[in-house]
1. Among the residues of the stretch B:267-325, write down those that are more than 28 Å from B:GLU355 (Cα to Cα) and not in a loop (DSSP other than H, G, I, E, B).
2. In the list A:GLY197, A:GLY135, which residue meets the criterion of being at positive phi, more than 9 Å from chain B (Cβ to nearest Cβ), buried (at least 24 other Cβ atoms within 10 Å of the Cβ) and modelled with pLDDT under 95?
3. If we scan the stretch B:285-296, do we find a residue that is of a type in the set (Phe, Trp, Tyr) and buried (at least 23 other Cβ atoms within 10 Å of the Cβ)?
4. Would you be able to say whether some residue in the stretch B:383-405 is at the interface with chain A (Cβ under 10 Å from one of its Cβ atoms), part of a strand (DSSP E or B), surrounded by 20 or more Cβ atoms within 10 Å (Cβ to Cβ) and touching a Ser or Thr at 6+ places or on another chain (Cβ under 7 Å)?
5. Scan the stretch A:211-227 residue by residue and report those that are within 20 Å of the chain's Cα centre (by Cα) and at the interface with chain B (Cβ under 10 Å from one of its Cβ atoms).
6. Which of (1) within 11 Å of chain B (Cβ to nearest Cβ); (2) modelled with pLDDT under 95; (3) buried (at least 16 other Cβ atoms within 10 Å of the Cβ) does A:ASP397 not meet, given it meets every other one?
7. Kindly establish whether B:ASP346 is at the interface with another protein chain (Cβ under 9 Å from one of its Cβ atoms) and either acidic (Asp, Glu) or surrounded by fewer than 24 Cβ atoms within 10 Å (Cβ to Cβ) (or both).
8. Do we have any residue at all in the stretch B:359-374 that's facing another protein chain (nearest Cβ under 10 Å), in contact (Cβ under 8 Å) with a residue 12 or more places away in the chain and within 30 Å of the chain's Cα centre (by Cα)?
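The values are calculated or read from the model by the stated rules, or taken from the named source; none is laboratory data. In this text the structure is predicted, and so the values were computed from the model without any measurement. Here Cβ is always computed from backbone atoms with ideal geometry, including for glycine, and neighbour counts include all displayed protein chains.
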Amino acid sequence: MQPEPKPGIGRRDFLRRGAIATVVTGAGLAAGRSLMTPAGAAGGAGLPSAALFPPSNAVDFPTIASIRLMTTDGHISFPGRRHSSKPVYAFGFRAVDDSRLVADGGELNANPGDLMEKYRGHVMHSAPTLIAMEGVEFAIVVTNLGFRFRPDLDDSHTLHWHGFRNATAVFDGVPELSAAVPPGRDLPYFFDPKLPGAPGQPKGSAGGYMYHCHFEDVEHVQMGMSGIAFIEPRDMWFFPDGTPRAVRNKVAYNPTPAGIDTSFDREFALLANEIDYRPHDNLETLQLFTWSDYAPQYRTFNGRAYPDTVVPQITPAEQSASYQELLQMPAVPTTPDEEAEAEMLWQQNSSLVQAREGDRVLIRLSNLGYEIHSVEVVGVNDMRVVANDASLLVGKDGTNDLTYLSRRMEIGPGEARDAIFTAPAYVEARAEIDTLASRMGKQRKFCRYLIKSRNTHRLNNNGQIYPDGPSYAGAKGTYGGMVTELWVYPTLADAPGLGQDGLPDQITVNETFPTLVVPAGQV
Amino acid sequence: MAFSTRNKLAAIIAVAAMAGGLAAVTGGGSPAGAAPATSTVICDNGTVAPDGAIEYNLEARDGYIQEPDGNTVYAWSYTSVGQPLFQFPGPTMCIDEGATVRVVLTNPDHVDNLSGGIPAATTSILFPGQVGVTATGGVAGLLTQEVDSAVPGDSVTYEFVASAPGTYIYQSGTDQAVQVQMGMFGGLIIYPAVGRGFAYDGEPFDTTHEYLLLFHEMDPDLHTEVELASRNGLVGDAVLSNYHPLDRKSRYWTINGRSFPDVIAPNNAPTLPTQPYGGLVRVNADDPTDGFDQLPSLVRYGNAGLENHPFHPHGNTLRLIAQDGRPFPDEIEAYTKTVAAGQTFDLLASWEDVEAWQGNGAPTPINVPALDNLVFKGGASFYSGDPNLGQKQDLPATVTSYSVCGEYYFPWHSHALQEIVNYNEGFGGMLTLWRVDPPMEEVSPGVWQPTAACN
């Protein structure tokens, strides 16, 4: 049975531009973003009393805000392990390309069998970034498509929202303590991100989280089943009196009596991780791995190793256009840059940070690798760490400001930090031509800064730097691995000649400009 | 940090209600005996000397511990004098603020690898975090006085005044790369003067739910080198001839000396005769509407290992109140906390029944699929079969259920996920479970008890 959509809760645009997935949609705000009804009105009462999933696998989709994540396998690319040579076998989550109901021409509630042909074997790593809204119930439906390259494996999967407050065991995604999704089946996970002041939750739910599969966790997480998740604060979309805001209020956390400033101009999410290709290779070739031997060769941001980290965001449209040609890619390499962009087809999440001088830049860092990392923005001395593990650094009663200035974020596996810094100076004397903009017919210059791990002995790509030849977009330095770049542009007032194509307003996390389209015919 | 008599009353009621059932909170020093099945901290309160000092008589001992993959590992630790069996880790010392503490350490002759002392030339105890520790007797070592195994009956007496409440570890101060790796450590708790129901001044907790989680990791190859050398009659430096700390590669990760799933076996489990301390953490859920103010559980982390461990509690964000036995000026929340080698943290754990699903069987806003369409890993599950706390449904006929009364279970584990294996076997290692029981029930006006079906 297919329940009718609840009036007022649309499902369009779950997948926003840049492969950013959101679980909040609807009608109405000037910012191009809209809201569901406030918590309480969204769930529970009035829901159709649908039967449990019948064995036929017809999907009874939840009538609250929903997103569908599919699990499968595929191959991902690192310097020295390219699609054209020997890509790295991976497992992962990915969203459907068109998150509308089947009745509207989408795939949100399609039968798993209908999704397998298209998506099985086309993994994404890191996983799509999930964005939920404080006070709005939502569901994540996990569909196990099975593996294309190891069809003999019948691994189940789960989804664990890492750090969710007052979690419910059945929706916590630990297979030994709840249930797991076998190939061909679905399991919806329900989440209710409480507002500030809910029992036991004075601060509410807003903040930076992560998610991953917990089935055979040491294997599936390393194999690539990891991503970032956010809960946006109520104050971003509502005034304190409950009136909806016409324009998105760019704040990371709700206001407190301590008066901590969490406002930002541009926001970026970085998921620290590592890749030890040996278990990946072993899985592909039917071998076992001794997990206590873990010793990675690549360190990554958002599933990519530098210089791939600065390749712009890959859009679902680009991915959708290339299903049949994946294994031939890149068919027509033209320039090193275009080749690198094609290589990142299944690692869609860019780590390139672009801002104007003086912008308040919010970095949301989390770590789903197995090592502790020390991440710094070279040239930025006063970075303010405002939150720890999705919790604003404010004391118990909201009056003590516990935020701190630092030059780095030290971050252990499973931890998260939110930090805000002021974009450093644009210095004309050392500015470079933005070749990405040039390719789109725009003139722009920027100053290049590095965001990187300070654990510099790890900053290489399996012992080399650029094993595939020239670096991407003129990436600098003798680094590989957990490195990305901050490109600082002049303010419009300072450089009217070069800034007329200046950075547009950022709509989504990690949205970098320009978003390049992989040339037709190349893939 | 607020304290109300109402909280204290609730704690007292809770203690009264659980009396007998969880009496091991104040149990004696010996892990032997028929203690009830619980995992709350086992306190060794020492003995009161004629001069009023709290006295512990410890000896360095060796023996074997078990790993869940079937391996046994040769280890060293501290054990109370007179206790027949070696224990790993050493006894948990529980001391009240202001007490004078006297610890006498000996290292008996190494007889064989099952009885007697350790085959080391010297050994000692350090008390990191304690102020004004004096050490008398023995021989002078690098960090403190050490017991000399060449001198029969040699002993060192360590003495200090327990001045700062909190969670500490004690450990060997001799050849630490070897002796701490081999297991020479234990937990030390100092309760504040205001009473044992408080972590620090004015921070009350549910005294029936107090837990100590001591982290450690081992390379069994190093232990085997020491074992073989000592079996061949080598002692002192010679026993370490093939022991190379630089080659260390951890294979087993432990909580309270056990690897998962042994971690969740109860205290003094007869199947683990030399590993008496369990690590299952429990809490009674708080029902915000029932009028009973459920106090949080107190969890004490201590990393006695040589590596840092990022420990991730599922189920809820915890409240960090202290580090290394020193309270924070205000509490900090965390859903993962990297515990550095030698570091301790005190955390308050609570679980709020925010969805009000418990008890009334209210439906979840989405439909959970028929359980026959899902997979229960390994044919057994801690899942109750019902999303609601305190409710239980049948699992598919082929699946074994571990659920007692519809309680929730969440894993608490190192998020360096290669550390939650036993060598190469997953869902093991540095992992324990958090058991969330339904809220307390009011059995008569003002008297609250845990749900009977959950005991």
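1. Scanning the stretch B:267-325 gives B:ARG300, B:TYR301, B:GLY302, B:ASN303, B:HIS309, B:PRO310, B:ALA322, B:GLN323.
2. Of A:GLY197, A:GLY135, the one residue that is at positive phi, more than 9 Å from chain B (Cβ to nearest Cβ), buried (at least 24 other Cβ atoms within 10 Å of the Cβ) and modelled with pLDDT under 95 is A:GLY135.
3. Checking the stretch B:285-296: not a single residue is of a type in the set (Phe, Trp, Tyr) and buried (at least 23 other Cβ atoms within 10 Å of the Cβ).
4. No: the stretch B:383-405 contains no residue that is at the interface with chain A (Cβ under 10 Å from one of its Cβ atoms), part of a strand (DSSP E or B), surrounded by 20 or more Cβ atoms within 10 Å (Cβ to Cβ) and touching a Ser or Thr at 6+ places or on another chain (Cβ under 7 Å).
5. A:HIS212, A:HIS214, A:ASP217, A:HIS220, A:VAL221, A:GLN222
6. With (1) within 11 Å of chain B (Cβ to nearest Cβ); (2) modelled with pLDDT under 95; (3) buried (at least 16 other Cβ atoms within 10 Å of the Cβ) applied to A:ASP397, the lone miss is (3).
7. no
8. Scanning the stretch B:359-374 turns up no residue that is facing another protein chain (nearest Cβ under 10 Å), in contact (Cβ under 8 Å) with a residue 12 or more places away in the chain and within 30 Å of the chain's Cα centre (by Cα).
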